Structures are given as C-alpha cells and as structure tokens.
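Since the structure comes first, as structure tokens, the remarks are kept for the end.
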Amino acid sequence: MRSRSVMGAAAVVAAALGVGPALAHVTLQPNKAPAGNYFQAALSVPHGCDGSATLAVRVKIPDGVLSVKPQMKPGWTVDIKTRKIEGEQPKLHGKIITETVDEVSWRGGPLPDNLYDTFGLVMKLPDAAGKTLYFPVVQECEKGVHRWIEIPAAGQKHDALREPAPALRLEPKAP
Ligand SMILES: [Cu+2]
C-alpha cells in the first residue's frame, strides 16, 4: 500500500534528521510541559496523505485545558468550537470559567506533501503532573484523510501505533 512507503520515506527523513519515527507523524511540539502553566506549542504536520496536499487540520482539545487560543495563519481560516464545562467549573483570575474551547480547525493552504508546516496553540494546562494529554487530530487532504486519534493502551508504546494522537506529557513544575 503506497501510504506505507510515504510514511517509510518520512521515517527515513526523520531518521536522517536524528529524530524519532514519531516525529514523522503529526505531533505536538514541544511534547512535554510543566503542569498548570500557560503553554505555547504547535502541531507539526510533516507530510500529507499518501502524497496528497493537506487542506485542513482539526484538533480536539482535551479536558482540563483552558484559555486556548489558536495561531492565526495567513492563507488559512480558523474555526473555534466551544463546549460547556460539565461538573466543577474552574476559576481563572477570579472568574468562574463555564465554557472552554472544544475543537480548533485550520482550513486553507493547501500544504503540499513535500513541505511541512506548524499550527500553533497557546493554552493553560491542568495541574496534573505525570499525566499525558492527547490532542486527537484529523488531517484532511485533497485526496484522503489521516486520523491521528489512536491513544496507546496501558503499557503500549506510542510509536507502536499507526496513527497516534499527538501527546503532551505534563511534568512537575520546577521548584
Ligand atoms: Cu507519518
């Protein structure tokens, strides 16, 4: 199947760059952050779908992540969907937060397969050191789609998945 050879090629490029195979997929960079902090990261899109250009990148924001702002990108329109916060509602700067960003999508480009691009997010992280947050992404291309939504089962390696969801490891805050 051709997609394996494209992924294979991306993995070779990743290896040549001295980075892990996972970086040949859509990932969140950086992929570690101090728990509870405000944080800036970007979804890195290193290839299209089976050689086809990327037209849209849609990401689901995990529970507990607040104050999300996507990056404005010339040539791309940004759509932000929100959801009501169920259960205990957090306070930020003395204000009770009842709604949060649920999903962000960038549509436009196209981003050709032989180029990479990044799609930025700023956010407030939950105070949950040791936890890994997953940001499932759907990458729509001119032809085809990649669903980077797989979450490793307990003990399973992220790299073992075919379409792993971008992950962010929350680390203890520096003392
Ligand atoms: Cu890949």
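The values are calculated or read from the model by the stated rules, or taken from the named source; none is laboratory data. Computed from a predicted model, the values in this text were never measured in an experiment. Cβ sites come from the backbone with ideal geometry, for glycine too, and all protein chains shown count toward neighbours. Side chains included, ligands, DNA and RNA excluded: accessible areas come from the protein's heavy atoms. Shrake-Rupley method; radii C 1.70, N 1.55, O 1.52, S 1.80 Å.
Assorted remarks:
- At a probe radius of 1.4 angstrom, the accessible area of the chain per residue rounds to 55 square angstrom.
- Label zone (residue 127, point 7 Å along Cα-to-C-beta; backbone nitrogen cut-off 11 Å) within region 85-106: 91.
- Share of carbon and sulfur in the accessible heavy-atom surface of the chain [1.4 Å probe, %]: 56
- Helical contribution to [θ] at 222 nm, DSSP H n ≥ 4, -39,500 (n - 2.57), averaged over the chain, rounded to 500: -3000 deg cm²/dmol
- Net charge, residue 62 excluded, C-beta distance under 13 Å - Lys, Arg +1, Asp, Glu -1: +2
- As a ratio to 2.2 N^0.38 Å, the alpha-carbon radius of gyration for the chain is 1.06.
- Heavy-atom accessible area order for 72, 123, largest first, 1.4 Å probe: 72, 123
- Whole-percent pair-distance distribution, where bins are 5 Å wide, for the alpha carbons of region 69-111: 5, 19, 20, 17, 15, 10, 8, 5, 0
- Axis of helix 2-16 versus longest Cα principal axis of the chain: the two differ by about 70°, to the nearest ten degrees.
- All lysines inside 23 Å of residue 60 as judged from Cα atoms, apart from same-chain residues fewer than 8 positions distant: 32, 69, 73, 81, 84, 91, 124, 131, 143, 157
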